[in-house]
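Structure first, commentary second.
The values are calculated or read from the model by the stated rules, or taken from the named source; none is laboratory data. Every value quoted in this text rests on a predicted model; they were computed, and no experiment measured them. Here the Cβ positions follow ideal geometry from the backbone for every residue, glycine too, while neighbour counts run over all protein chains shown. Surface areas here come from the heavy atoms of the whole protein model, side chains and all, with no ligands, DNA or RNA. Shrake-Rupley method; radii C 1.70, N 1.55, O 1.52, S 1.80 Å.
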Amino acid sequence: MRKVIDLQMEFWKKDIANLDFDLQSRDEIPKLLMGLQFIYGTTLIREKVFKILKQIVPKQSHETGRPGMDLWKILVLGTLRLNCNWDFDKVHEMANNHHKLRQMLGHSEPDLDSNYALQTIRDNIVLLTPAILDEINQVVVKAGHSIISPNQDPQLKGSCDSFVVETDVHYPTDTNLLFDAIRKMISLIAIICSEVGITAWRQSHHNIIKVKRLLRCIQKLRRSTSKDKAKQQIRDQFIIAEHQNYIDVCQGFVLRVKETIRILRELGILSMGQQLRLISIEEYIRHAERQIDQIQRRVVLDEKIAHEEKVFSIFEPHTEWISKGKAGVPQELGLSVCVLKDQYGFILHHQVMEQQTDSKVAVAMAQGAKERFENLTGCSFDKGFYSPENKRQLANILDYVVLPQKGRLSVKDKQIEQSEEFVESRRKHSAVESSINALENHGLDRCLDHGLHGFKRYAALAVLARNIQILGHLIQQKELKGQKRRKAA
């Protein structure tokens, strides 16, 4: 049985809507908690958010089974994790010991036994999906607009740009990716063999160290700097021989693992979990065989491997090699995320870009933001989003589009881009960099979750947390102004 939150108050608990916060605090935690308090304390907004949160689990699970973590608590801990850029260990510590946070979670001071386990927090936060977080985000942004313009929806003017969110991977080379595949392959098959009583892989740790030593030898190799062609050739042949030895040893382990898998399946005694583990091992075998082929072609046959064939992580295969030409940043390993913000700092829409450039998402971003917020009237982009087709389609979606053209301008285009409104919009466009910087400082610089779905959830949670923080900041400033008026009176 899982509830959104237990709304029945007990006499020693304090209502979340009546919690007091330090209005002078400049830290992000009070701002976020004030934003969450506003959501909880405003009946109409709370009902909308709670209705969306109920989509997390199947309908029948609300009434049957063990009590699960309240959905409100999942939302609070999830947004706090991203907004403060914490790992799960930090969230676990704060959830059990931070006084105000525990009150926001619905606990009281005497409620000392209601502590959270680390794995419970992990397992529940991953229940949030990008679609659910996007729906909540729309409610939060509209709540913020209602504070800014209480009587009517304000006309929104957006700014759109993209940035790279890194995945949690090491720098990839074909040799160390091969080691990653061999290491996981050997360790997993050894666990299964140990469980069923087969001793074929009892030296698994020694085997992994053996492969690692060969990798370290290869990594230390350098091409000859001698001007003597004979010496260069001898050195090149030595490097080829060392790589071939590394390949042969790895190929031998791949064949041994394949043979062990065949024996295990013939025994017919594997559990469902062990069967799933064998599927994972076979995936690592495919990674290893690909890397063996690429090392063979690159080093021994002196071929150039096409960029499309390369994989930059066997654990996060969605990782892309992105070069944006920034000073001091030759490449970034991750995925691009495009965001569209309004003039008040709220992020209206975002999109994770898979094998896409800016010009491929411009129309989708404008269309998505317009569907969510009908009062969006205009948006500014930079030159990376330009294409003639984009310019035409964006004009049909928005009333006013600022999209600088690449290359030489015609007389008509020059007049448009030199107009006062266009120049002013271009000047204000740089404000989107502030929102991107804020997202990066509040968790969205490096994704710590696994898989493409985890990446999208991480990005959506960061956007939602940032908007709730902005909402909390607006409430904080409103309360401070009220205090000043009361003191002046």
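Report, in listed order, any pair from K100/K481; K73/K487; K341/K487 with a Cα-Cα distance greater than 32 Å. Listed pairs above 32 Å: K73/K487; K341/K487. Taking packing as the residue-averaged number of other Cβ atoms within 10 angstrom, the listed peptides 270-281, 336-347 run from highest to lowest as 336-347, 270-281.
Summarise the accessible area of the chain (1.4 Å probe, protein heavy atoms) by the percent that is carbon and sulfur.
The nonpolar share, carbon plus sulfur, comes to 50 percent.
Given Cβ point charges of +1 (Lys, Arg) and -1 (Asp, Glu) and nothing else, what value in debye, to the nearest 20, does the dipole of the chain about its Cα centre take?
Its charge dipole is roughly 780 debye.
For R297, what charge total do you get from the other residues with a beta carbon under 10 Å from its beta carbon, if Lys and Arg give +1 and Asp and Glu give -1? Net local charge, R297 excluded: -3. Once the Cα atoms are used to define both axes, helix 420-429 deviates from the longest principal axis of the chain by about 60 degrees.
Using θ = phi - 60° in the Karplus curve 6.51 cos²θ - 1.76 cosθ + 1.60, the 3J(HN,Hα) couplings for region 447-460 round to 7, 9, 8, 9, x, 5, 4, x, 5, 5, 5, 4, 5, 5 Hz; x is entered for Gly and Pro.
Mean separation of Cα pairs under 8 Å and 6+ residues apart, divided by the residue count of the chain: what relative contact order is that in percent? Normalised by residue count, the contact order of the chain is 25 percent. Using 0.36 nm per residue and subtracting the Cα-Cα separation, the extra length available between L480 and K310 on full extension is 55.7 nm.
Rank by packing, highest mean first: peptides 155-168, 318-331, 186-199, 444-457, with packing defined as the count of other Cβ atoms within 10 Å averaged across residues.
155-168, 444-457, 186-199, 318-331
Which pairs in the list K157/K383; K391/K428; K51/K360; K142/K478; K304/K383; K360/K456 are over 28 Å apart, alpha-carbon to alpha-carbon? With Cα atoms farther than 28 Å apart: K51/K360; K304/K383. The C-alpha atoms of the chain define a longest principal axis, and helix 43-53 lies at about 20 degrees to it. Using the alpha-carbon centroid of each, what span in Å lies between region 198-251 and region 270-314? Rounded to whole Å, the Cα centres lie 18 Å apart. Rounded to the nearest 500, the helix-only mean residue ellipticity at 222 nm of the chain stands at -18500 deg cm²/dmol, with each DSSP H run of n ≥ 4 adding -39,500 (n - 2.57). The slack between T120 and A200, meaning 0.36 nm per residue of separation minus the straight C-alpha distance, is 25.1 nm. The simple Förster model, with R0 at 35 Å and r as the Cβ-Cβ distance, assigns Q244 and S323 a FRET efficiency of 0.65. On the beta carbon distance between K229 and K360, with R0 = 56 Å, the FRET formula returns roughly 0.70. A cut-off under 12 angstrom between Cβ atoms defines the neighbours of Y400, and their net charge, with Lys, Arg +1 and Asp, Glu -1, is -2.
Each label point was placed 7 Å from the Cα along the Cα-to-Cβ direction; for Q152 and D20 their separation is 4.0 nm.
In the context of the full set of protein chains, the chain has a per residue accessible area of 52 Å² (1.4 Å probe).
The angle between the Cα long axis of helix 388-397 and the longest principal axis of the Cα atoms of the chain comes to about 30 degrees, rounded to the nearest 10.
Counting only residues at least eight positions apart within a chain, or on another chain, the lysines with an alpha carbon under 16 Å from that of K184 are K210, K212, K258.
DSSP beta bridges confined to the chain are antiparallel in about 65 percent of cases.
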